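Undergrad: This is the structure I want to talk about, given as structure tokens.
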Number of protein chains: 2
Amino acid sequence: MARWRKISDAVVRRLPLYLRVLEEASADEDKKLMSSQELGERAGVSPALVRKDLAWFGEFGKQGVGYEVGFLKRELRRILNLDKEVRAALVGAGSLGRAFARYNQARYENGKLNIRMVAIFDNDPEVIGERIADVEVLPVEKLEETVQELGVRMAIVTVPAEYAQEVVDRLVKAGIRAILNFAPVSLSVPEGVHLATADLSLELERLAYYLDS
Amino acid sequence: MARWRKISDAVVRRLPLYLRVLEEASADEDKKLMSSQELGERAGVSPALVRKDLAWFGEFGKQGVGYEVGFLKRELRRILNLDKEVRAALVGAGSLGRAFARYNQARYENGKLNIRMVAIFDNDPEVIGERIADVEVLPVEKLEETVQELGVRMAIVTVPAEYAQEVVDRLVKAGIRAILNFAPVSLSVPEGVHLATADLSLELERLAYYLDS
């Protein structure tokens, strides 16, 4: 495992995309073999980059034959730690949190995502006790013990920007090492913790660049 | 403008981040000058990269003095086409669409985002006519004429995966050149149209990589 740590985030970012292409090809078309050319085309990257990315993790393809879809799919799942169910918690049951919880649960249930939302937290007494996507909303005071009890390893943060750092600090203290944050604010985490920010405003602002004035 | 087309997406991706840092520094701290060192630290990139990115667009900083916050802010807004309000439409008023519409409108109203949602479309008769974030949901049949009438230039797609390509095709035909897609599926657009995918499952799967097994 230690060796993988050196692999750049840009490479890691493309792995789930390759996995999705392979899953769709095997589910929808019962495809057994795929060339790096085809995998690249479907994933929107060059075949050379596909080969280079995968070479970091081993010898998966055969010259002139391509990749064995089932095998590469299993290997990518293992590399991404998705060969077993990953348990996640969501903090912040506002409208974005609810939408995300439902979206995530639907993808988990139809077998498209091996990440399962097992806990939802909020600090609003009106919301606590409610069920969202079949999960009861718990008071945020129970965060640490619930993370421990349920084996939660990943968290999604959908609280207002001003509370996001505080929530992230608590999650880190509780042992969470992978966090997806939706609050439009930059947060700091200690080394060894991975924080991704799904900053939807930044995405829109970036797109505006491409509009002709 | 033509010159800008050659600037890489990676550079463009960081511009809204710099803009946010500058906006926060001027609003919260009334800061007038900022070094590339400080701008880089706050944006989470190296000072050298800040200087290199900004140099694509002109001479903004002064050696030993840094950047004039107000000036650079205005310049970045202009470069990003955010000096004037950009009108956007949302297609798909399900739970994710609703959450996004409310989130976007809140940021627009408090002056944090110059992108305004002026139209929402859906094909469900139960939903058409409803108001979300103060915008009436219209039947998707009205897409083309509404885009024209209201001067919509950007779109957010929150429809189920199987309808996403069809919706994107209609938006492109209606003249939209910048689209943010939330459906977990790869879509194709003609050259000259910019499509960003906010694929939340891919983000989670990528994060799982960093979990120790």
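Undergrad: A:Ala174 to A:Asn110: FRET efficiency via 1/(1 + (r/R0)^6), r the Cβ-Cβ distance, R0 35 Å, to the nearest 0.05?
TA: 0.75
Undergrad: Further question on the same structure: Using a Gaussian network for chain A with springs between C-alpha atoms less than 10 Å apart, which of these wobbles most: A:Ile156, A:Ile128, A:Ile179?
TA: A:Ile128
Undergrad: Something else now. I need the inter-copy label distances for B:Trp56: point set 7 Å along Cα to C-beta, values in nm with one decimal, smallest first.
TA: Relative to the other copies, B:Trp56 has label-point distances of 2.3 nm.
Undergrad: Ok, one more. Once you have a ≥ b ≥ c as the square roots of the Cα gyration tensor eigenvalues for the protein assembly as shown, tell me rounded if a/c is under 1.5, and otherwise prolate or oblate according to whether a/b is larger than b/c.
TA: Rounded is the answer for the protein assembly as shown, as its axis ratio a/c remains below 1.5.
Undergrad: Can you tell which of A:Val91, A:Val135, A:Gly40 lies farthest toward the positive end of the dipole of chain A, using +1 and -1 charges on the Cβ of basic and acidic side chains (Lys, Arg; Asp, Glu)?
TA: The residue sitting most towards the positive pole is A:Gly40.
Undergrad: Amide H of B:Ser35: which non-local residues (sequence gap of 5 or more, or other chain) have their own amide H closer than 5 Å, using H built in the peptide plane?
TA: B:Tyr67
Undergrad: What net charge do the residues around A:Tyr108 carry, taking every other residue with its C-beta under 13 Å from that of A:Tyr108, with Lys and Arg at +1 and Asp and Glu at -1?
TA: After counting each charged neighbour, the total is +1.
Undergrad: Using a label point 7 Å beyond Cα on the Cα-Cβ vector, give me the inter-copy distances for A:Lys173 in nanometres, one decimal, shortest first.
TA: 5.6
Undergrad: Report, by chain and number, residues whose modeled amide H sits under 5 Å from the one on B:Leu180, excluding near sequence neighbours (fewer than 5 apart, same chain).
TA: Under 5 Å from the amide H of B:Leu180: B:Ala155, B:Ile156, B:Val157, B:Ala196.
Undergrad: So, with a 1.4 angstrom probe, what is the percent of accessible area on the stretch B:93-181 that is carbon and sulfur?
TA: Here it works out to 45 percent.
Undergrad: Excluding A:Ile132 itself, calculate the net charge of residues whose Cβ lies under 9 Å from the Cβ of A:Ile132, where each Lys or Arg counts +1 and each Asp or Glu counts -1.
TA: For residues surrounding A:Ile132, the net value is 0.
Undergrad: Taking only the alpha carbons of the stretch B:2-79, what extent do you get along each of the three principal axes, in Å, biggest first?
TA: 35, 22, 21
Undergrad: Here is a follow-up. Checking an interface number: how much accessible area is buried between A and B, summed over both chains, with a 1.4 Å probe, in Å² rounded to 100?
TA: 5800
Undergrad: Could you compute the FRET efficiency for A:Asp83 and A:Lys62, with r as their C-beta to C-beta distance and R0 at 22 Å, rounded to 0.05?
TA: About 0.45, to the nearest 0.05.
Undergrad: Now, a different point. 7 Å along Cα→Cβ for the label point: how many nanometres lie between B:Lys6 and each equivalent label in the other copies, listed shortest first?
TA: Going from nearest to farthest copy, the values are 3.6 nm.
Undergrad: Suppose only helical runs count, i.e. DSSP H with n ≥ 4. What mean residue ellipticity at 222 nm does that imply for chain B under -39500 (n - 2.57) per run, divided by all residues and rounded to the nearest 500 deg cm²/dmol?
TA: -13500 deg cm²/dmol
Undergrad: According to a simple spin-label model (label point 7 Å from Cα along Cα-to-Cβ), what is the distance in nm between B:Glu41 and A:Gln148?
TA: Label at A:Gln148, label at B:Glu41, 3.7 nm between them.
Undergrad: Computing the accessible area with a 1.4 Å probe over protein heavy atoms, can you report the carbon and sulfur percentage for the stretch B:1-90?
TA: Reported share for carbon and sulfur atoms: 51 percent.
Undergrad: Name the long-range amide H neighbours of B:Phe121: under 5 Å, sequence gap of 5 or more, or other chain; modelled H, no Pro or chain starts.
TA: B:Leu90, B:Val91, B:Gly92, B:Leu138
Undergrad: Considering only protein heavy atoms, what per residue accessible area in square angstrom results for the protein assembly as shown with a 1.4 angstrom probe?
TA: 48
Undergrad: Moving on. Calculate the dipole size of the stretch B:22-98 relative to its Cα centre from +1 charges on Lys and Arg beta carbons and -1 charges on Asp and Glu beta carbons; express the result in debye to the nearest 20.
TA: About 300 debye.
Undergrad: Putting +1 on Lys and Arg Cβ atoms and -1 on Asp and Glu Cβ atoms, find which of B:Val11, B:Phe57, B:Leu113 reaches farthest to the positive end of the dipole of chain B.
TA: The listed residue farthest towards the positive side: B:Phe57.
Undergrad: So which residue of B has the beta-carbon closest to the axis that swings B onto A, and how many whole Å away?
TA: Of all Cβ atoms in chain B, the one nearest the axis gives B:Ala99, 2.
Undergrad: Could you pull the accessible area for B:Asp9 with a 1.4 Å probe, rounded to 10 Å²?
TA: 80
The values are calculated or read from the model by the stated rules, or taken from the named source; none is laboratory data. The structure displayed is predicted, hence computed values, not measured ones. Reconstructed Cβ throughout: ideal geometry from the backbone, glycine too, with neighbour counts over all protein chains shown. Only protein heavy atoms, including side chains, enter the accessible area calculation; ligands, DNA and RNA are left aside. Shrake-Rupley method; radii C 1.70, N 1.55, O 1.52, S 1.80 Å.
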